[in-house]
Each structure stands twice: as C-alpha cells, then as structure tokens.
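This report concerns only the one structure given below.
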Amino acid sequence: MRVYISADMEGIAGVVHRDHTGRDGKDYEQARVLMTNETNAAIQGAIEAGAEEIIVNDSHGTMRNIYVELLSNKAKLISGTPKKMAMMEGIDSDFDAAVFIGYHTKNGSQGILNHTYNSRVGTRIKINGKEYGEFGMNALVAGELGVPAVFVSGCNLLVEEAKALIGNIGTAQVKRTINQVTSENLHPDISCGLIEKGVTDSLLNCKSIRPYKLDSNDYQFEIQFSSTIFADIADTLPIVKKNGPLSVQYNTDHIIDGYLIMRSLIMMANNYA
C-alpha cells in the first residue's frame, strides 16, 4: 500500500494565530513541532494499516515547516517551494489513498484561521458554480488520479466541510472553533492518538471510499480576487475572461489543468500584492 500525506498547519491542535503560522511569529517553532508530531501520528497509523511506502508533502506556507530530523524514518518528506503541484506535489495514480493533516475551512466560513490558498489576493474559488476550499480542491486533484481522500484532521467545522463532500471520509476533530483566531484544543497527545487510530481505520476501509470526482467532463473555474487589479492581471491570459470587477473564469477538460491555471493566476496576482 502506498499512502500520500498532505500536511497543513492551521488545523493542527494548538495552532490558533498568525504567530503560529508565520515564519516570523513568536510561536512558530512550537507550531512546527506540533505539526511534525501530528504528521508522525498519521505515518504511524498508515504503518499499522500495512503501508509499505509513505510520502509526506509539507503543504503550509513556505512548505519548509516539518522538522525532517523529528519526522518518522518510515516516510519520505517533500519540502520546499515553489512546487508545481503545491499542496499536492508528489501525488500520482499509483497511490492507494490520500490523507490530509492539519487542514482548515475555506475562506469566510468561520473556521479557525479560515482562508483559501493565498488570502492576500484571493477570496473564493468555484468549480461549476460550487465553492471549494483547499481540502475540496486537493481532494478533487487526488480524485482525478483515481486516489481516494480517505482521512482529514482539523477543527469541527473543517470536519463538517469535508463530510459534506465525502460522506464516509475518516476524520479527527482535534479542536473546536470559537472564532477565527480562538479554538478549544485537545491536548497534543490526545489529538495524535485520534489521528493515528483514524488513519489506520480509514486505510483499512479505503476500498469503501471512492475517489472524489465531479459528474462532468467540462469544468468552469471561477476565481474571486480581493482587488480589481488582480482580476485585471489574470485577464491578460487568453484562456481567462473577466466576469466581474473582482473575478475571472476559464474552462478546462481536466481538474488538474484547472488547478495549475488557478495556481499560476494566484502567483501572478501575488507579485502585485
């Protein structure tokens, strides 16, 4: 069994503020340890389920957060940025399952540290009229490759967001959102225990979870930006058309192509942020 793990930081138990998530934050080093420990719990859960190869992709910010020397030697780590596939770098059709650790809700949805990719430039991402956050988008990328998203950890609202897309996905609620920068957190030992058991159980039952896909062969992406200049910049690409002062849209035949265009547009806009 090959298992892919994408690890973010905002959904880690104890992480509640930009002081945790930013490299210059006072609590960033603490958050790195907490993130590494929850990732290790997922790795151990995968091992107990019989995983023979485990790839971990550091998926937060600069993507240089996980302490490689503290990470289980049973896994390989993809670290650094930029990456072509960003939070899904390293995924391919040969994986049996995808696991998501430390994820958060989509922008504007109340959850702890909610945002969608780069909150400085983008506010909403829709496919065929439905809004998606990072979990949903990344689950679709895995799904196009035939890889089921079998487990996710984060706050209570992230669990709700994930289950609304994949009803039988395994989850671990490691904290309860109070507001965007406040949550009630489980002790790290408890959160890691829930993740380890949850990953094991989900992988043992992974054949019952189908890859997450949309019932369509044509995908219309819409990106809403936080400034009109970002939409103007995106509109310079021939495939992209403005559909409002703050938003653009484009069509693709494949989710991954749409994902890559989205990433490119966000990076272009970020140069002017």
- [ ] Sticking with the crude label model, points 7 Å out along Cα→Cβ, report the distance from S227 to M268 in nm, one decimal please.
- [x] 1.6 nm
- [ ] Search the structure for amide H atoms under 5 Å from the amide H of G122, placed 1.01 Å from N in the peptide plane, and list their residues when 5 or more places away or on another chain.
- [x] S226
Open item on the list: Using 22 Å as the Cα-Cα cut-off, could you pick out the over-long pairs in K74/K163; K26/K74; K163/K207; K106/K126; K76/K175; K126/K213?
Closed with: K74/K163; K26/K74; K76/K175
Task: Largest-first principal axis extents of the Cα set of the chain (Å) - done: 49, 42, 31
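Against the empirical 2.2 N^0.38 Å scaling, what ratio does the C-alpha Rg of segment 1-153 come to? Can you show the working numbers first?
Working: Rg = 14.7 Å, N = 153, 2.2 N^0.38 = 14.9 Å.
After normalising by residue count via 2.2 N^0.38 Å, the value is 0.99.
Any chance you could run the full-extension gain for E29 through T182? It's 0.36 nm times the residue separation minus the Cα-Cα distance, nm to one decimal. Don't jump to the answer; show the numbers that get you there.
Details: separation 153, 0.36 × 153 = 55.08 nm, distance 1.89 nm.
That works out to 53.2 nm of additional length.
Given that compact globular proteins tend to follow 2.2 N^0.38 Å, what is the ratio of the alpha-carbon Rg of segment 219-270 to that value? Before the final figure, lay out the partial values.
On the way: Rg = 9.9 Å, N = 52, 2.2 N^0.38 = 9.9 Å.
Taking N as the residue count of segment 219-270, the ratio is 1.00.
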- [ ] Return the sequence-ordered ³J(HN,Hα) values of segment 256-261 in whole Hz as given by the Karplus equation 6.51 cos²θ - 1.76 cosθ + 1.60 applied to θ = phi - 60°, using x for Gly and Pro.
- [x] 5, 4, x, 5, 5, 5
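Is the shape of segment 64-151 best called rounded, prolate or oblate, per the rule: a/c under 1.5 gives rounded, else a/b larger than b/c gives prolate, else oblate, with a ≥ b ≥ c the square roots of the Cα gyration tensor eigenvalues?
Oblate, since a/c reaches 1.5 and b/c is not below a/b.
When the chain is fully extended, how far beyond the present Cα-Cα distance does K213 get from Y67, taking 0.36 nm per residue of separation?
Details: separation 146, 0.36 × 146 = 52.56 nm, distance 3.33 nm.
Computed gain between K213 and Y67 is 49.2 nm.
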Task: Rounded to 5, percent antiparallel among DSSP beta bridges of the chain - done: 45 percent
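From the P(r) of segment 92-231, can you give the percent of Cα pairs sitting at distances over 20 Å? Provide the component values of the computation, followed by the final result.
On the way: 4803 of 9730 pairs.
That tail contains 49 percent of the Cα-Cα pairs.
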Task: Taking L71, L214 and counting other C-beta atoms within 10 Å, the order from fewest to most - done: L214, L71
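Computed from the coordinates by the stated procedures, all read-outs in this text should not be read as laboratory data. Since we're looking at a predicted model, the values are computed, not measured. Glycine gets a Cβ as well: all are built from the backbone with ideal geometry, and neighbour counts include every protein chain shown.
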